[in-house]
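Colleague: The structure is given below, and queries will be raised subsequently.
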Amino acid sequence: MDQSINDAEAFLKQKIKINPLKDQMQQNQKNYEIQLQVAHYFKKSESYTKKPAIKLVSNENDEVQVYFIYGEHIPDQSKKQDYESFKIDIIETMHPKIDRFFIIVFFNTNMMTASTLNDFKDFYGTLPEKYFFHMKKFIVLHANFIVKGGGIFGMNEIKSFFKKITTFADTLLILSKEEWFKYKMLAALPESVKAYDQSYRDIENQRKKTVFRKQQTQQAVGDDEIDSDDNFNKDSKILGLNLDEYERNKYGIPIILDMLVQYFEKQPEKLKTEGIFRKQAAVYEEKVVEAALACQKVGFVNKVENAHTIACVFKQFFLKLKEPIMTYQLYEWVVQNKPQIEQNLEVSVQMLFDYMPELNRQILLFSLGFLNSVIQEQEHNLMTTYNMAVVFGPNFFRSEIVKMTDLGHVTLFVQIVQIMLEQKKDYDYKKMLEVRSDNLNFDASLVPFLPDDLANLDDILDMVSDKNVVNEIERKELKSRYK
């Protein structure tokens, strides 16, 4: 879907959210024009300028602007000049970029109540509609139990709006998993925040490891364009992208899908595993496979003993796509034309193939061809065409906004995927696989994340997942398995 369409739809959704505030917004606009004039000559108090409450931490060319607001720096309203300085600072900082989408992170650090957050919401409610239209998310960091329990939400419409878009993050480490987060943002943190939340050290350690390995790769491949200041690696960075963001082989198939399928091509007996693609695998094993895929370590992927792990990552690829392989538009087309489609499923399925974007169709055909090779072993793995459709129906089709009514469409999507599998059972997916060696074409010991020396597996696990995901027992099991 075109990005401009996405932006327009996001804009309209925000507009719908704040529609009840229309009258208040019109009055706010009049007051705001006065505030802008005041801002030109207002001199901020010295005490406030020493500890400003708002900081723009994103780059000029970033798609989404990010503002940090420090609750402990917001002055008490009884200190009138300080509080007015705070309000003017918010306006001066946000006004130049208010026509762009943005995220606000509110640091509730060291706050014992919800009063400061409530005061901020009250002030924000005096701003014009642009300040609401483009806000994608409001994140409260270090929320206390009063805030999490609903203490920030009142009955008025402004706070109801915030309730809809507010999420919570307990630590900086959790916040760092957001797709927009960059390591350099840590430099904007006050010392009081670092003293309160030591998890920033974990972020720094992750970044040091990432930079070191990027430098090693840079030396190995002679690539001067590797940027050590890019976002450091996050969990499942290899998953959750748009289809066109993935590196693809010479036939147009995402390399990670190519690698996952070749695992079964090189070990065809794995296709006979009972319940393959239906049964789950250990999350910590999936994390290691994702890391191996991230740097194309075919040799490591092929050492994975549990075929369910590879199958689960294959499913996760489709489930976590930003936009599903059967796009949101196709989903809505099916739902809106459900009666007609149910009467003539085979023709409707062919229409879906015709309407799909070319890249989506190419990858879907490849995947259907491969899944049919799994179905051919149904005598052993018990995965019939119907069973496979039950698994992949929700992975291929999903709505943009989850609704209870979606459940009523599940059966139809399973039927559609079943017919797709039947129609493409003879599709030659193997012609779209690319031959590659078990390692990259330079010294594999210099590749980030997964050196051939598996004694470094602890280091690998530190980089690809949190310690609460992979515990010590699981680490020992992995190290013994991949000796």
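Colleague: What number of residues within region 309-335 are outside any helix (DSSP H, G or I), open to solvent by 10 Å² or more (accessible area, probe 1.4 Å) and β-branched (Val, Ile, Thr)? It would help to see each step written out before you state the result.
Modeller: As a first pass, look at region 309-335 and keep what is outside any helix (DSSP H, G or I): 320-327.
From the residues that got through so far, the ones that are open to solvent by 10 Å² or more (accessible area, probe 1.4 Å) too are 320, 322-323, 327.
Still in the running and β-branched (Val, Ile, Thr): 327.
Qualifying residue count, region 309-335: 1.
Colleague: Here is a check on your reading of the model: is Val288 surrounded by fewer than 20 Cβ atoms within 10 Å (Cβ to Cβ), in contact (Cβ under 8 Å) with a residue 40 or more places away in the chain and over 23 Å from Lys430 (Cα atoms)?
Modeller: On the way: surrounded by fewer than 20 Cβ atoms within 10 Å (Cβ to Cβ): no; in contact (Cβ under 8 Å) with a residue 40 or more places away in the chain: yes; over 23 Å from Lys430 (Cα atoms): yes.
When the stated conditions are applied, Val288 does not pass them.
Yes or no, residue by residue, for (1) in a helix (DSSP H, G or I); (2) modelled with pLDDT under 90; (3) surrounded by 15 or more Cβ atoms within 10 Å (Cβ to Cβ):
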residue: Thr93; (1), (2), (3): yes, no, yes
residue: Ile104; (1), (2), (3): no, no, yes
residue: Leu117; (1), (2), (3): yes, no, yes
residue: Asp122; (1), (2), (3): yes, yes, no
residue: Leu127; (1), (2), (3): no, yes, yes
residue: Ile146; (1), (2), (3): yes, yes, yes
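Colleague: If you don't mind, there's one more thing I want to ask. Mind checking which pairs have a first residue in region 357-383 that is in contact (Cβ under 8 Å) with a residue 40 or more places away in the chain and within 19 Å of Ala311 (Cβ to Cβ) and a second that is open to solvent by 20 Å² or more (accessible area, probe 1.4 Å) and part of a helix (DSSP H, G or I), Cβ under 7 Å, 6 or more apart or different chains?
Modeller: As it stands, the answer is Ile375/Thr385; Glu377/Lys272; His380/Lys272; Asn381/Lys272, since those pairs meet every condition given.
Colleague: Restricting attention to region 404-439, which residues are buried (at least 16 other Cβ atoms within 10 Å of the Cβ), part of a helix (DSSP H, G or I) and at pLDDT below 90?
Modeller: Listed by number, the list holds a single entry, Asp406.
Colleague: Among the residues of region 78-116 satisfying the criterion of being hydroxyl-bearing (Ser, Thr, Tyr) and free of Cβ contacts under 8 Å to residues at least 24 places away in the same chain, which is nearest to Ile54 (Cα to Cα)? Full working, then the answer.
Modeller: Step one: list which residues in region 78-116 are hydroxyl-bearing (Ser, Thr, Tyr), which gives 78, 83, 85, 93, 109, 113, 115-116.
Filter once more, so that each one left must be free of Cβ contacts under 8 Å to residues at least 24 places away in the same chain: 78, 83, 115.
Values: Ser78: 20, Tyr83: 13, Ser115: 18 Å.
The selected residue is Tyr83.
Colleague: Here's another thing I want to ask about it. Just one of the numbered conditions (1) under 23 Å from Leu243 (Cα atoms); (2) modelled with pLDDT of 95 or more; (3) hydrophobic (A, V, I, L, M, F, W, C) is not true of Ile401; which one?
Modeller: Failing condition for Ile401: (2).
The values are calculated or read from the model by the stated rules, or taken from the named source; none is laboratory data. Worth saying up front: this structure is predicted, and the values here are computed from it rather than measured. Because the Cβ atoms are built from the backbone with ideal geometry, glycine has one as well, and the counts that use them run over all protein chains shown. The accessibility values were calculated without ligands, DNA or RNA, using every heavy atom of the protein model including side chains. Shrake-Rupley method; radii C 1.70, N 1.55, O 1.52, S 1.80 Å.
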